[in-house]
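Written out below as C-alpha coordinates is the structure these notes cover.
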Amino acid sequence: MKSNAKWLYDETVQVGTDYQDISNVQAYDMQMAKFRDVTKEAADIIEAIGLRREHSLLEIGTGTGNFAIEAAKHCNNVYAIDVSSAMIAYAKQKAQKMGISNISYSQAGFLSYEHNGYPLDMIVSNIALHHLPDFWKMIALKRIYKLLKNDGTFYLGDVVFSFPIEEYDSKIDSWIETMKEKVGINFAQEAQMHIKEEYSTFDWIIEEMLHKSGFKFDIRHKDDFFAVYYCKKK
Ligand SMILES: C[S@@+](CC[C@H](N)C(=O)[O-])C[C@H]1O[C@@H](n2cnc3c(N)ncnc32)[C@H](O)[C@@H]1O
(Lines give C-alpha, C1' and ligand atoms only; values in the text may rest on other atoms or scores of the structure.)
Protein backbone atom coordinates (compact mmCIF):
# COMPACT_ATOMS: atom_id res chain seq x y z
CA MET A 1 0.00 0.00 0.00
CA LYS A 2 1.25 3.51 -0.80
CA SER A 3 1.82 4.91 2.66
CA ASN A 4 1.76 8.54 1.45
CA ALA A 5 -1.47 8.40 -0.59
CA LYS A 6 -3.78 11.33 0.13
CA TRP A 7 -6.79 8.99 0.26
CA LEU A 8 -5.31 6.65 2.87
CA TYR A 9 -7.55 6.19 5.94
CA ASP A 10 -5.95 7.81 8.99
CA GLU A 11 -6.16 5.02 11.56
CA THR A 12 -4.45 7.16 14.20
CA VAL A 13 -7.57 9.31 14.56
CA GLN A 14 -9.49 7.85 17.51
CA VAL A 15 -13.00 6.61 16.70
CA GLY A 16 -15.40 6.26 19.65
CA THR A 17 -13.60 6.20 23.01
CA ASP A 18 -10.39 8.25 22.91
CA TYR A 19 -7.69 5.73 23.81
CA GLN A 20 -5.05 8.45 23.54
CA ASP A 21 -6.40 9.80 26.82
CA ILE A 22 -4.58 8.04 29.67
CA SER A 23 -7.60 8.25 31.99
CA ASN A 24 -9.63 6.30 29.41
CA VAL A 25 -6.81 3.74 29.15
CA GLN A 26 -6.77 3.20 32.93
CA ALA A 27 -10.58 3.08 33.07
CA TYR A 28 -10.62 0.53 30.21
CA ASP A 29 -8.22 -1.75 32.07
CA MET A 30 -10.32 -1.57 35.25
CA GLN A 31 -13.62 -2.09 33.43
CA MET A 32 -12.28 -5.09 31.52
CA ALA A 33 -11.04 -6.67 34.75
CA LYS A 34 -14.63 -6.44 36.03
CA PHE A 35 -16.31 -7.61 32.88
CA ARG A 36 -13.95 -10.29 31.60
CA ASP A 37 -11.59 -12.88 33.00
CA VAL A 38 -8.76 -11.63 30.78
CA THR A 39 -6.25 -14.23 31.97
CA LYS A 40 -8.58 -17.15 31.28
CA GLU A 41 -9.59 -15.58 27.97
CA ALA A 42 -5.92 -15.37 26.96
CA ALA A 43 -5.29 -18.97 28.09
CA ASP A 44 -8.24 -20.15 25.98
CA ILE A 45 -6.94 -18.31 22.90
CA ILE A 46 -3.42 -19.67 23.44
CA GLU A 47 -4.83 -23.17 23.61
CA ALA A 48 -7.12 -22.66 20.60
CA ILE A 49 -4.27 -21.47 18.38
CA GLY A 50 -1.81 -24.06 19.68
CA LEU A 51 0.86 -21.49 20.53
CA ARG A 52 4.31 -23.01 21.02
CA ARG A 53 7.72 -21.69 22.08
CA GLU A 54 9.10 -21.49 18.51
CA HIS A 55 6.14 -19.50 17.14
CA SER A 56 6.15 -15.79 16.37
CA LEU A 57 2.95 -13.96 17.21
CA LEU A 58 1.62 -10.50 16.39
CA GLU A 59 -1.23 -8.97 18.34
CA ILE A 60 -3.03 -6.09 16.60
CA GLY A 61 -4.85 -3.63 18.85
CA THR A 62 -3.17 -4.92 22.00
CA GLY A 63 -4.82 -2.28 24.20
CA THR A 64 -3.70 -2.61 27.82
CA GLY A 65 -1.70 -5.65 26.80
CA ASN A 66 -3.06 -8.59 28.79
CA PHE A 67 -3.15 -11.06 25.92
CA ALA A 68 0.36 -10.20 24.67
CA ILE A 69 1.75 -10.72 28.19
CA GLU A 70 0.18 -14.17 28.51
CA ALA A 71 1.29 -15.09 24.97
CA ALA A 72 4.87 -14.03 25.81
CA LYS A 73 4.96 -16.70 28.51
CA HIS A 74 4.39 -19.35 25.81
CA CYS A 75 6.44 -18.24 22.82
CA ASN A 76 9.75 -16.53 22.16
CA ASN A 77 8.70 -13.59 20.02
CA VAL A 78 5.61 -11.48 20.52
CA TYR A 79 4.96 -8.28 18.59
CA ALA A 80 2.26 -6.07 20.11
CA ILE A 81 0.92 -3.09 18.22
CA ASP A 82 -1.71 -0.43 18.77
CA VAL A 83 -2.42 2.93 17.13
CA SER A 84 -2.67 4.56 20.56
CA SER A 85 0.71 5.55 21.99
CA ALA A 86 -0.95 5.82 25.43
CA MET A 87 -2.10 2.19 25.21
CA ILE A 88 1.36 1.07 24.09
CA ALA A 89 3.07 2.95 26.96
CA TYR A 90 0.61 1.46 29.48
CA ALA A 91 0.97 -2.10 28.13
CA LYS A 92 4.77 -1.82 28.02
CA GLN A 93 4.92 -0.65 31.63
CA LYS A 94 2.67 -3.53 32.71
CA ALA A 95 4.96 -6.06 31.00
CA GLN A 96 8.06 -4.47 32.53
CA LYS A 97 6.54 -4.69 36.02
CA MET A 98 5.91 -8.39 35.41
CA GLY A 99 9.46 -8.99 34.19
CA ILE A 100 8.34 -9.89 30.65
CA SER A 101 10.99 -8.88 28.14
CA ASN A 102 10.17 -10.75 24.90
CA ILE A 103 7.46 -8.41 23.56
CA SER A 104 8.32 -5.84 20.88
CA TYR A 105 5.86 -2.98 21.15
CA SER A 106 5.18 -0.51 18.39
CA GLN A 107 2.71 2.23 17.71
CA ALA A 108 1.17 1.00 14.47
CA GLY A 109 -2.10 -0.43 13.23
CA PHE A 110 -3.86 -2.75 10.80
CA LEU A 111 -3.11 -0.44 7.89
CA SER A 112 0.36 0.78 8.78
CA TYR A 113 2.29 -2.04 10.46
CA GLU A 114 5.34 -3.22 8.53
CA HIS A 115 6.84 -6.46 9.73
CA ASN A 116 10.61 -6.81 9.49
CA GLY A 117 11.52 -10.44 9.72
CA TYR A 118 10.20 -13.82 8.73
CA PRO A 119 6.48 -14.21 7.99
CA LEU A 120 4.49 -14.70 11.19
CA ASP A 121 3.09 -17.95 12.56
CA MET A 122 0.16 -16.36 14.37
CA ILE A 123 -1.81 -13.13 14.39
CA VAL A 124 -4.41 -12.35 17.04
CA SER A 125 -6.78 -9.41 17.15
CA ASN A 126 -9.47 -9.00 19.76
CA ILE A 127 -12.12 -6.24 19.77
CA ALA A 128 -10.15 -3.91 17.49
CA LEU A 129 -11.06 -4.45 13.81
CA HIS A 130 -14.39 -2.63 14.26
CA HIS A 131 -12.40 0.61 14.51
CA LEU A 132 -12.06 0.53 10.72
CA PRO A 133 -14.86 1.22 8.21
CA ASP A 134 -15.71 -1.82 6.07
CA PHE A 135 -13.60 -0.95 3.03
CA TRP A 136 -10.55 -0.60 5.28
CA LYS A 137 -11.40 -3.78 7.20
CA MET A 138 -11.01 -5.63 3.92
CA ILE A 139 -7.65 -3.99 3.23
CA ALA A 140 -6.60 -4.87 6.81
CA LEU A 141 -7.57 -8.54 6.35
CA LYS A 142 -5.62 -8.77 3.12
CA ARG A 143 -2.58 -7.27 4.85
CA ILE A 144 -2.94 -9.78 7.72
CA TYR A 145 -3.09 -12.63 5.20
CA LYS A 146 0.13 -11.39 3.61
CA LEU A 147 1.95 -11.07 6.94
CA LEU A 148 1.34 -14.74 7.79
CA LYS A 149 3.37 -17.68 6.63
CA ASN A 150 1.57 -20.46 4.72
CA ASP A 151 -0.68 -22.37 7.09
CA GLY A 152 -0.34 -19.49 9.57
CA THR A 153 -3.21 -18.80 11.97
CA PHE A 154 -5.30 -15.68 12.39
CA TYR A 155 -7.57 -15.48 15.43
CA LEU A 156 -10.16 -12.74 15.19
CA GLY A 157 -12.60 -11.77 17.92
CA ASP A 158 -14.77 -8.70 17.57
CA VAL A 159 -18.11 -7.04 18.18
CA VAL A 160 -20.04 -8.28 15.16
CA PHE A 161 -23.81 -8.02 14.65
CA SER A 162 -25.61 -11.34 14.16
CA PHE A 163 -29.07 -10.52 15.53
CA PRO A 164 -32.09 -10.44 13.21
CA ILE A 165 -32.09 -6.92 11.81
CA GLU A 166 -35.84 -6.49 12.44
CA GLU A 167 -35.03 -6.62 16.17
CA TYR A 168 -32.17 -4.14 16.20
CA ASP A 169 -33.90 -1.59 18.49
CA SER A 170 -34.64 -4.00 21.31
CA LYS A 171 -31.42 -5.98 20.87
CA ILE A 172 -29.21 -2.90 21.13
CA ASP A 173 -31.15 -1.52 24.11
CA SER A 174 -30.85 -4.77 26.01
CA TRP A 175 -27.13 -5.09 25.15
CA ILE A 176 -26.49 -1.64 26.63
CA GLU A 177 -28.66 -2.46 29.66
CA THR A 178 -26.59 -5.63 30.27
CA MET A 179 -23.38 -3.56 30.19
CA LYS A 180 -24.90 -1.18 32.73
CA GLU A 181 -25.82 -4.03 35.07
CA LYS A 182 -22.53 -5.92 34.70
CA VAL A 183 -19.96 -3.12 34.48
CA GLY A 184 -21.67 0.19 35.29
CA ILE A 185 -23.03 3.32 33.71
CA ASN A 186 -19.71 4.52 32.22
CA PHE A 187 -19.21 1.34 30.29
CA ALA A 188 -22.84 1.38 29.17
CA GLN A 189 -22.16 4.85 27.74
CA GLU A 190 -19.14 3.44 25.90
CA ALA A 191 -21.32 0.69 24.48
CA GLN A 192 -23.73 3.38 23.29
CA MET A 193 -20.86 5.22 21.65
CA HIS A 194 -19.74 1.95 20.07
CA ILE A 195 -23.07 1.61 18.30
CA LYS A 196 -23.28 5.26 17.37
CA GLU A 197 -19.74 5.99 16.18
CA GLU A 198 -17.68 2.85 15.67
CA TYR A 199 -17.80 0.49 12.69
CA SER A 200 -18.99 -2.90 13.89
CA THR A 201 -20.72 -4.66 11.04
CA PHE A 202 -22.78 -7.74 10.18
CA ASP A 203 -21.46 -11.28 10.58
CA TRP A 204 -22.14 -12.04 6.91
CA ILE A 205 -20.00 -9.08 5.84
CA ILE A 206 -17.05 -10.10 8.02
CA GLU A 207 -17.35 -13.72 6.88
CA GLU A 208 -17.41 -12.77 3.19
CA MET A 209 -14.39 -10.55 3.77
CA LEU A 210 -12.51 -13.41 5.41
CA HIS A 211 -13.34 -15.61 2.38
CA LYS A 212 -12.28 -12.93 -0.07
CA SER A 213 -9.00 -12.40 1.80
CA GLY A 214 -8.16 -16.03 1.13
CA PHE A 215 -8.70 -17.47 4.62
CA LYS A 216 -10.29 -20.80 5.45
CA PHE A 217 -12.06 -20.33 8.76
CA ASP A 218 -14.26 -21.85 11.48
CA ILE A 219 -16.68 -19.82 13.52
CA ARG A 220 -15.62 -20.57 17.09
CA HIS A 221 -18.25 -18.44 18.77
CA LYS A 222 -21.18 -16.35 17.66
CA ASP A 223 -23.85 -14.59 19.67
CA ASP A 224 -25.88 -11.47 18.86
CA PHE A 225 -22.96 -9.08 19.48
CA PHE A 226 -19.72 -11.02 19.40
CA ALA A 227 -18.03 -13.43 17.03
CA VAL A 228 -14.76 -15.35 17.05
CA TYR A 229 -13.15 -16.66 13.87
CA TYR A 230 -10.27 -19.11 13.73
CA CYS A 231 -8.67 -18.59 10.33
CA LYS A 232 -5.94 -20.38 8.41
CA LYS A 233 -3.86 -19.08 5.52
CA LYS A 234 -4.17 -21.61 2.70
C1 LIG B 1 -11.53 -2.11 22.66
S2 LIG B 1 -9.80 -2.02 22.69
C3 LIG B 1 -9.34 -3.74 22.73
C4 LIG B 1 -8.01 -3.96 23.38
C5 LIG B 1 -7.62 -5.42 23.62
N6 LIG B 1 -7.37 -6.12 22.40
C7 LIG B 1 -8.64 -6.16 24.45
O8 LIG B 1 -9.05 -7.26 24.06
O9 LIG B 1 -9.01 -5.65 25.51
C10 LIG B 1 -9.43 -1.59 21.01
C11 LIG B 1 -7.98 -1.23 20.79
O12 LIG B 1 -7.75 -1.16 19.37
C13 LIG B 1 -6.92 -0.05 19.13
N14 LIG B 1 -7.08 0.35 17.72
C15 LIG B 1 -8.01 1.18 17.18
N16 LIG B 1 -7.83 1.29 15.86
C17 LIG B 1 -6.77 0.50 15.54
C18 LIG B 1 -6.07 0.21 14.35
N19 LIG B 1 -6.45 0.74 13.17
N20 LIG B 1 -5.02 -0.63 14.39
C21 LIG B 1 -4.63 -1.19 15.57
N22 LIG B 1 -5.24 -0.92 16.74
C23 LIG B 1 -6.29 -0.10 16.73
C24 LIG B 1 -7.35 0.99 20.15
O25 LIG B 1 -6.37 1.99 20.34
C26 LIG B 1 -7.58 0.12 21.37
O27 LIG B 1 -6.41 -0.04 22.12
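The values are calculated or read from the model by the stated rules, or taken from the named source; none is laboratory data. Small disclaimer: the values here were computed from a predicted structure and weren't measured. Glycine gets a Cβ as well: all are built from the backbone with ideal geometry, and neighbour counts include every protein chain shown. Accessible surface areas use protein heavy atoms only, side chains included; no ligands, DNA or RNA. Shrake-Rupley method; radii C 1.70, N 1.55, O 1.52, S 1.80 Å.
Side notes on the structure shown:
- Picking from residues in region 15-35 that are open to solvent by less than 50 Å² (accessible area, probe 1.4 Å) and assigned to a loop (DSSP other than H, G, I, E, B), the one that is nearest to residue 193 (Cα to Cα) is 16.
- In region 42-58, the qualifying residues are those that are free of Cβ contacts under 8 Å to residues at least 60 places away in the same chain and assigned to a helix (DSSP H, G or I), and the one that is most open to solvent (accessible area, probe 1.4 Å) is 47.
- The residue pairs whose first member lies in region 59-84 and is part of a helix (DSSP H, G or I) and of a type in the set (Lys, Arg), whose second member is near the ligand (Cβ under 10 Å from one of its atoms) and open to solvent by 30 Å² or more (accessible area, probe 1.4 Å), and whose beta carbons are closer than 8 Å, counting only pairs six or more residues apart or on different chains, do not exist in this structure.
- Residue 183 vs. criteria under 27 Å from residue 92 (Cα atoms), touching a residue at least 60 places away in the same chain (Cβ under 8 Å) and within 11 Å of the ligand (Cβ to nearest atom): no
- Pairing each residue of region 136-149 that is within 17 Å of residue 12 (Cβ to Cβ) with any residue that is open to solvent by 40 Å² or more (accessible area, probe 1.4 Å) and within 11 Å of the ligand (Cβ to nearest atom), provided the two are 6+ apart or on different chains, yields C-beta distances under 7 Å for 136/9.
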